[in-house]
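Here the structure is laid out as structure tokens; the discussion comes afterwards.
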Amino acid sequence: MALGDLEREIMTVLWERYLPMTVREVHQELARERHRDLAYTTVMTVLDRLAKKSVVRQIKDGRAYKYAPVQSRAEMTAAVMMDALSGTPDQDAALAHFVGALPPEALRAALEAIQQER
Amino acid sequence: MTALLLGALGLTLSLIVPGPLARAHWPDRAPAAAVLLWQAITLAAVLSALGVVLAAPEELTRAFGSGKPVAAEGSGKPVAAAALIGALAVAAVIVLRLLVSLWGVSRRSRARRERHRLLVDLLDRAEQRQELDAGNVRVLQGNLPLAYCVPGREARVVLSDGALRLLDREQVDAVLAHEQTHLRHRHEVVMESFTAFYRAVPAALRSRAPLDAVHLLLEMVADDAAGKRTGPAPLRGALERLTDAVPLAEEVVPEQDSRRRRMARLASPQSPSRALTGAVVAAAVALLVLPTVILVVPWLDQALAVWPL
């Protein structure tokens, strides 16, 4: 399994629980719910990498570390969409090319409206 | 005289030409060549500015020096030398400012895209894109219909599942072909160079017109490539659905105009005009070559005889 897929699966586990989990708990969850038979150290390494990329928070709990996502899946998705929509060409290079000639300001407003409905 | 003419050319290219050219509709029939023309205009404006900086001090010292032929031989030399050094220094500052701006823009966008790619990879709903065969597509969960690409060495095309629900299979393929064209042709590099130029130019001399015009032209280039793959109808349908799905504020008129122009091209696709493409490319080349040959070379001829080298 590629490293990218592994990171994504582990994030999914953390997002579904949302409460801080130990490496062992993540490892068990992966085996039980997703039938991924991974080495314990692999899970630990990936969690460490995710913490370094600051998408996961490392929490000291007694002698063990627990891990939790810094944002919920919905929050992070909204942040990513906002990032894609912001950045007009004259400020800095646009992040992305859009297929629709959708005005970014209008999309932003729509996204904010959707956020507030929740 | 050379400095005056080059100055006039530079001001014409940076202040007078961009507005009408951005509003003109003939570039829609040769978008790739038109991008080349915009690049030639921008580069020619920079070269004119450099030409003014180099030629003006030399021409001034020559004009004043010639008034007193006796003194010219002895006292003219240090003045000419100082003028030359000053001119070279200013020219170096201009070039450096452009390079620093370009470096900054590409560094910042690279970092931002890197982070963005990491996050879409983590958020990807892989199970929703099983039947899309492209390996670099990622699907975000959300009702807002979105389709965009994240350029870079490991590029991504991002769709929201809102967009996937809204579009049929053919339309999704057209959107993907459009985005993959942006990535394959490295359109972000073109946009970055225009952005860097815009940011480096003093506010009084710059115009947003080239940025917006080139952006629209690149969309047209991607539309054409996607149209070749899937036919123009699916892309047109996708554009319509993606735009109609979002309640738009009415005040954004220029964007509406560029959308109309893209829609019109997709509604009645014309075969690309080879004659127009040729003429536009020729104009772009002429813009770079002619001022050099007509103005700069004769001046250099005279100046080299006088310069204290």
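Structure notes:
- Scanning segment B:173-188 for residues that are farther than 24 Å from residue B:24 by Cα and touching a Ser or Thr at 6+ places or on another chain (Cβ under 8 Å) returns B:173, B:174, B:177.
- Filter result (touching a Leu at 6+ places or on another chain (Cβ under 8 Å) and more than 7 Å from chain A (Cβ to nearest Cβ)) within segment B:114-135: B:125, B:128, B:129, B:132, B:134
- Filter pass, residue B:93 being within 9 Å of another protein chain (Cβ to nearest Cβ) and of a type outside the set (Asp, Glu): no
- Candidates B:166, B:159, B:183, filtered to the one that is of a type in the set (A, V, I, L, M, F, W, C), surrounded by fewer than 20 Cβ atoms within 10 Å (Cβ to Cβ), facing chain A (nearest Cβ under 10 Å) and farther than 17 Å from residue B:36 by Cα: B:183
- Where residue B:143 falls short, out of the listed (1) out of contact with any Gly (no Cβ under 6 Å at 6 or more places or on another chain); (2) assigned to a loop (DSSP other than H, G, I, E, B); (3) not basic (Lys, Arg): (1)
- Evaluation of residue B:189 against (1) more than 28 Å from residue B:10 (Cβ to Cβ); (2) at pLDDT 90 or above; (3) within 11 Å of another protein chain (Cβ to nearest Cβ); (4) surrounded by fewer than 18 Cβ atoms within 10 Å (Cβ to Cβ) (one fails), failing number: (1)
Conditions tested, residue by residue: (1) more than 22 Å from residue B:126 (Cβ to Cβ); (2) away from chain B (no Cβ under 14 Å); (3) surrounded by 15 or more Cβ atoms within 10 Å (Cβ to Cβ); (4) touching a residue at least 12 places away in the same chain (Cβ under 8 Å).
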residue	(1), (2), (3), (4)
A:8	no, no, yes, no
A:15	no, no, yes, yes
A:29	no, yes, yes, yes
A:45	no, yes, no, no
A:50	no, no, yes, yes
A:55	no, no, yes, yes
A:64	yes, yes, no, yes
A:74	no, no, no, yes
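- Any hit, segment B:170-179, residues being among the charged types (D, E, K, R) and within 8 Å of chain A (Cβ to nearest Cβ): yes
- Checking each residue in segment B:208-248 for being in a loop (DSSP other than H, G, I, E, B) and buried (at least 17 other Cβ atoms within 10 Å of the Cβ) picks out B:245, B:246, B:248.
- Among the residues of segment A:32-43, those identified as in a helix (DSSP H, G or I) and either modelled with pLDDT under 90 or within 14 Å of another protein chain (Cβ to nearest Cβ) (or both) are A:32, A:33, A:34.
- Single residue of segment B:143-155 satisfying the filter (surrounded by 23 or more Cβ atoms within 10 Å (Cβ to Cβ) and under 23 Å from the mean Cα position of the chain (by Cα)) that is farthest from the other protein chains (Cβ to nearest Cβ): B:151
- In the set (1) at pLDDT 90 or above; (2) assigned to a loop (DSSP other than H, G, I, E, B); (3) touching a Lys or Arg at 6+ places or on another chain (Cβ under 6 Å), the condition left unmet by residue A:59 is number (2).
The values are calculated or read from the model by the stated rules, or taken from the named source; none is laboratory data. Predicted model only: the values in this text are computed from it and were never measured. We place every Cβ from the backbone using ideal geometry, glycine too, and count neighbours over all the protein chains shown.
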